[in-house]
Amino acid sequence: MQKPRKHNLRPATLMMGHGYDPALSEGALKPPIFLTSTFVFPNAAAGKRHFEGVTGKRPGGAEGLVYSRFNGPNQEILEDRLSVWEDAEDALSFSSGMSAIATLFLATVRPGDVIVHSGPLYAATETLIARVLGRFGVHFLDFPAGATRAEIDAVLAKAQTGRVALIYLESPANPTNALVDIEAVRASRDAIFGSGPDAPPIAIDNTFLGPIWQTPLAHGADLVVYSLTKYAGGHSDLVAGAVLGAKRLIDPIRAMRNTIGTITDPNTAWMLLRSLETLELRMNRAGENAAKVCAYLRDHPRVEHVGYLGFLEGDRQADIYARHCLGAGSTFSLFLKGGEAEAFRFLDSLRIAKLAVSLGGTETLASHPAAMTHLSVPDARKAALGITDNLVRISIGVEDPDDLIADFAQALDAC
Ligand SMILES: *Cc1c(COP(=O)(O)O)cnc(C)c1O
């Protein structure tokens, strides 16, 4: 007799129940929000056993719930479900994307170490590496997001003046949308440092495309970082972050989170559980909308260029896209004919799209990087990054696509 083939459930199905047992919560279909700062031990020996695990006196780590700075039921369900999307062994949730990144760095670096990173990075991440960690004797070296294997090799070789603690990537980069060749970074790391436990881990900020359009663990990254504030949360109503990866690498980050308390709160974790149930629906719709809007904008006489991943063709970036990405996302750059005045008239004329920073929400947002998020970036660096006065950043939501196109049409007429 033939054995029934094991059917692995897909993430979209698992988001409705994975990691939660209604029998433990009075049969409630949905997990209650556990508003408690501490958890009761069944007996003194269990309490001792827990702290032996936390402090490393007993191998195997902490067991069960003890104090809400360390963990809680809502956060643990969230972490189990986040792991599912990228087939990660373990995951941690954080109070923001930046607290996730800061906790990762604090758990990883010592004075004299070097962080090698792709550039540009999210502005606060650059500040954290260069200005904050710099004060504690941590150095950095960077390579441009689109770098080739040979260019990455050269930077990694040069970085060996100190211990290379971490290779940190962001792809696509904010705000240029430049893609990093994760597979080339992995090959370079392995060639220079090997792939043993002492090799520097490769971490990547996957906020813009994850987890639907890019799964970096499958391309050689060791850790994936998220601002859950964006697509994962997806409704512009919360701030949170996450780190995913192998348990061996997650454990020290968890120990640092336990120490400094950068975990997300139960209410936000609960809202994220609700968000994850519609993650695939929302991201697919936003991606389809963006493709339609960009196709319209590309041919418009008042548009100079549309920086949308779906339009890459024939160059190295297109090759990286073909190997790494499953979709073009819904965040792109629109370069209008003219300068700041035209861009501002366009932004002020939008009726559906709201004028706000951030991305990945159900609603369409538009902003002007040169005058807003990147105002304090020196002019020379702005020019090098292509952050010009005619650049508008747009994050497409899940509205009706024809309504969005009509809104962009009338705003382009106005400028
Ligand atoms: C928003 C963002 C962050 C920071 O996340 P917060 O949740 O705002 O702390 C980090 N990286 C990228 C790419 C982002 O877009």
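Here, each number is a calculation from the coordinates, and none is a lab measurement. Every value quoted in this text rests on a predicted model; they were computed, and no experiment measured them. Because the Cβ atoms are built from the backbone with ideal geometry, glycine has one as well, and the counts that use them run over all protein chains shown.
Can you pull the semi-axes for the chain, root of five times each eigenvalue of the Cα gyration tensor, sorted largest first, whole Å? Let's see the in-between values first.
Numbers: eigenvalues 269, 150, 82 Å².
Taking √(5λ) for each Cα gyration eigenvalue gives 37, 27, 20 Å.
In Å and from the alpha-carbon atoms only, list the Rg and Dmax of segment 279-414.
Here Rg and the maximum Cα pair distance are 14.6, 41 Å.
For helix 340-349, what angle does its Cα long axis make with the longest principal axis of the chain, in degrees from 0 to 90 and rounded to 10?
Taking the Cα atoms of the chain, the angle to 340-349 is about 70 degrees.
Which whole-number percentage describes the relative contact order of the chain, with Cα contacts under 8 Å and a sequence gap of 6 or more?
Numbers: 766 pairs, mean separation 65.0, N = 415.
Once normalised by length, the contact order is 16 percent.
For the chain, take the longest principal axis of its alpha carbons; what is the angle in degrees between that and the long axis of helix 401-414, to the nearest 10 within 0 to 90?
50 degrees
Using only Cα atoms, find the angle between the long axis of helix 247-260 and the longest principal axis of the chain, and express it within 0 to 90 degrees, rounded to the nearest 10.
The answer is roughly 90 degrees.
Multiplying the sequence separation of residue 199 and residue 14 by 0.36 nm and subtracting their Cα-Cα distance, what value in nm do you get? The partial results should precede the final answer.
Details: separation 185, 0.36 × 185 = 66.60 nm, distance 3.38 nm.
Working it through step by step, the gained length comes to 63.2 nm.
Considering the dipole of segment 183-265 built from charges on the beta carbon (Lys and Arg +1, Asp and Glu -1) around the Cα centre, which of 258, 199, 220 is farthest to its positive end?
Of the candidates, 258 comes out farthest on the positive side.
Could you list, in their original order, any pairs among 30/230; 158/247; 30/247; 6/30; 57/158 whose Cα atoms are separated by more than 32 Å? The partial results should precede the final answer.
Working: 30/230 23 Å; 158/247 30 Å; 30/247 28 Å; 6/30 27 Å; 57/158 39 Å.
Violating the 32 Å Cα-Cα cut-off are 57/158.
Highest GNM mean-square fluctuation, the chain, Cα pairs closer than 10 Å: which of 57, 337, 354?
57
From the phi angles alone, apply the Karplus equation (6.51, -1.76, 1.60; θ = phi - 60°) to segment 98-112 and give each ³J(HN,Hα) in whole Hz, x where the residue is Gly or Pro.
Listing the rounded values in order: 5, 6, 5, 5, 5, 5, 4, 5, 4, 6, 10, 9, 10, x, x Hz.
Go through segment 170-177 residue by residue and turn each phi into a ³J(HN,Hα) via Karplus (6.51, -1.76, 1.60, θ = phi - 60°); whole Hz please, and just put x for glycine and proline.
Values per residue, Gly and Pro as x: 9, 8, x, 6, 9, x, 7, 6 Hz.
Give the residues of segment 39-66 whose amide nitrogen is closer than 18 Å to a point set 7 Å from the Cα of residue 247 in the direction of its Cβ.
Under cut-off, by backbone N: 50-65.
Pick from 371, 62, 295: which is most flexible by mean-square fluctuation in a GNM of the chain where alpha carbon atoms under 10 Å apart are linked?
Comparing 371, 62, 295 in the GNM, the peak value goes to 62.
With each pseudo-label sitting 7 Å past Cα toward Cβ, what's the residue 87-residue 190 distance in nm, one decimal?
Computed distance between label sites residue 87 and residue 190 equals 1.6 nm.
Contact order normalised by length for segment 279-414, with contacts defined as Cα pairs under 8 Å and 6 or more residues apart; what percent is it?
Details: 211 pairs, mean separation 41.4, N = 136.
Dividing the mean separation by the residue count of segment 279-414 yields 30 percent.
In whole Hz, what ³J(HN,Hα) sequence does segment 298-312 give by Karplus (6.51, -1.76, 1.60; θ = phi - 60°), x for Gly and Pro?
Listing the rounded values in order: 4, 8, 6, x, 8, 9, 7, 6, 10, x, 10, 4, x, 9, 5 Hz.
In square nanometres, what is one fourth of the surface area of the convex hull spanned by the alpha carbons of segment 1-119?
Numbers: hull surface 54.0 nm².
Projected area, direction-averaged: 13.5 nm².
For a quick check: with amide H placed at 1.01 Å from N, whose amide H comes under 5 Å from residue 142's, ignoring anything fewer than 5 positions away on the same chain?
Amide H to amide H, under 5 Å and 5 or more residues apart or across chains, residue 142 pairs with 117.
Mind listing the long-range amide H neighbours of residue 164? Cut-off is under 5 Å, sequence gap 5 or more, other chains count too, H placed in the peptide plane at 1.01 Å from N.
When sequence neighbours closer than 5 places are left aside, the close amide H contacts are 114.
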